[in-house]
1. In what order do 77, 98, 213, 203 fall by count of nearby beta-carbon atoms within 10 Å, going from fewest to most?
2. Add +1 for every Lys or Arg and -1 for every Asp or Glu among the other residues with Cβ under 12 Å from the Cβ of residue 90, and state the total.
3. Can you list, largest first and rounded to whole Å, the semi-axes you get for the range 148-215 by taking the square root of 5 times each eigenvalue of its Cα gyration tensor?
4. Arrange the following residues from fewest to most other Cβ atoms within 10 Å of their Cβ: 180, 97, 40.
5. Sticking with the crude label model, points 7 Å out along Cα→Cβ, report the distance from residue 26 to residue 14 in nm, one decimal please.
6. What is the distance in Å between the Cα centres of the range 23-44 and the range 108-128?
7. How much net charge surrounds residue 114 when only other residues with a Cβ under 13 Å from its Cβ are counted (Lys, Arg +1; Asp, Glu -1)?
8. Whole percent per 5 Å bin, from 0 to the bin with the longest distance: what is P(r) over all C-alpha pairs of the range 5-143?
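All of the numbers you see were taken from the coordinates with simple rules; none came from a lab. Computed from a prediction, not measured in an experiment: that's the story for all the values here. Reconstructed Cβ throughout: ideal geometry from the backbone, glycine too, with neighbour counts over all protein chains shown.
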Amino acid sequence: MDGKIKQVYVVGSKRLQNELMVCKIFCATGLQCRCVTDLEQIPLICGNSERTRRLVLYDYQQADPETHLDNLPTLKSHLAPDDSLAFYNVKKDIGFESRAINSGVRGFFYEDDSVDNLTKGIGNIFDGDLWVSRKQMVEYLLNDCPTKRQENSSDHVLTRREEEVLFLVAKGETNESIAEALCVSHHTIRTHIYNIFKKIKVSNRLQASIWASDNLSHHLH
């Protein structure tokens, strides 16, 4: 445990559906959850904000889907800088995800997703991952990713253990599975990933995977 308070806000007008969703999330994860109808109902973070991490789940069907990309800056302006934003009730095969990732959206939950998939995705987002389908990740990498290929240099030297961790990150492994594979604690893996991101100057696992494919050819074959 990292000692931080984790909170989930479900934002949408379908009150009954969202109250049930909040109950499911709480029962499955024990996380603090609250249902609100508007982003303005999410309170400001008071006191030591570094101890609080918040995930805002926004109903994709809350507004006209065609306006979501244009409205993302407005949505994010209602959130604290460290808040994570994800969409639920997303319709499949609409090409929304890869463009939304560029605007800072951390995950997508679909109309027919199970409760297990929802709670797993929430855990992954709190763990610093993106929650996006493999298909959409490939589309993002091929078409929409702004990250430029980087040359390997002395500024990006990783230790052998950090290379091992990054290799497993690039394979799509979770922190838990990496910790088990390397016989270390979950906290140790989080520290390694933090240091890796800092060294190679990326902000998420997707960008780290791209860097690994360009620079760890001796591992990725």
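1. Numbers: 77 8, 98 19, 213 14, 203 11.
So the residues, fewest neighbours to most, are 77, 203, 213, 98.
2. On the way: positive: 91, 92; negative: 59, 93, 97, 111, 112, 113.
Within the 12 Å Cβ shell, the charges total -4.
3. On the way: eigenvalues 78, 28, 19 Å².
Largest first, the range 148-215 gives 20, 12, 10 Å.
4. Working: 180 13, 97 22, 40 9.
In order of increasing Cβ crowding within 10 Å: 40, 180, 97.
5. Using points 7 Å along Cα→Cβ, the separation is 2.0 nm.
6. Here the two parts' Cα centres lie 14 Å apart.
7. Working: positive: 24, 120; negative: 111, 112, 113, 116.
Net local charge, residue 114 excluded: -2.
8. P(r) over the range 5-143, rounded to whole percents: 2, 9, 21, 25, 22, 14, 5, 1, 0.
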